[in-house]
Amino acid sequence: MRMLFATDGSNGASVALEFLASLPLSQADTVTVLTVAERGERPRAQEVAETAARALGARGIRTSLRVERGPVADAILAVALETVADLVVVGSRGLGTVSGALLGSTARALAHEAVVPVLAVRDRHEAPRHVLAAVDGSPEAERALAFLVRLPLPRGAGTTYLQLAPCERRAADEILSQAARASTDLIVLGTADQTTRRGLIETSLADQVLSGAHCPVLVASGCFAAWPIAHRREAVAGTV
């Protein structure tokens, strides 16, 4: 699996790094470590990326480095597409040592785009053993379940499946309640992009679950990662 780990050097990113390093990755798996720097901050961003890469390398994980500029979410998505990433991993919150890289809002922005599956890590330093997969019968849910099968999880990890009704208005509450009851340490969200209006604000299901969950959340409804690798490369090159 090709993974892209975006870090800003924050505590939240450090938790995500430990979570990623604890997964049972194989020699076939690779991680691209990415930092996004503002003008004049490239040396510090390079240092943050190198520190993360060394930590992963110490676990025997193959890594490469990228330092980019621009809006954080846009830069992450661009590199994810360029490197043909299967999964983007970010911390769920925390203002890091690279200014402007606030990964809490970035995680929500990436999940909303959902071009590539996004794993937002919160309050979990170790690989998950109790997974909750929330699905609604949509094509997005089918892709999420197919991706879950590929996800490197510890031997003996179990999955509970929560079937949601299409367009269920209280889906987020049901997911979070079930996650709490089952001591879930990873929520996999595979649903169509449901939205709920609260007052004058419309929030997506992914927004609500990411905001309310006390464990990592994988928004796996992105369709791009389901394409064959050759097709994805052609799409990035602008040939399809």
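Listing for the model above:
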item	result
Qualifying residue in region 14-26 (condition: open to solvent by less than 10 Å² (accessible area, probe 1.4 Å), among the aromatic types (F, W, Y) and part of a strand (DSSP E or B))	no
Qualifying position, being within 21 Å of the chain's Cα centre (by Cα) and more than 14 Å from S204 (Cβ to Cβ), among R155, R181, R150	R150
Of residues in region 135-160 being at pLDDT 95 or above and in a strand (DSSP E or B), the one surrounded by the fewest Cβ atoms within 10 Å (Cβ to Cβ)	G158
Matching option when the condition is open to solvent by 20 Å² or more (accessible area, probe 1.4 Å) and more than 16 Å from L17 (Cβ to Cβ), among R62, R66, R54, R44	R44
All positions within region 74-118 that are at pLDDT 75 or above, assigned to a loop (DSSP other than H, G, I, E, B) and open to solvent by less than 20 Å² (accessible area, probe 1.4 Å)	V84, A85, D86, S92, V116, P117
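The values are calculated or read from the model by the stated rules, or taken from the named source; none is laboratory data. Since the model is a prediction, treat every value here as computed from it, not as a measurement. No Cβ is skipped: glycine too gets one built from the backbone with ideal geometry, and neighbour counts run over all protein chains shown. When the accessible area is computed, the model is the full protein with side chains, heavy atoms only, and any ligands, DNA or RNA have been set aside. Shrake-Rupley method; radii C 1.70, N 1.55, O 1.52, S 1.80 Å.
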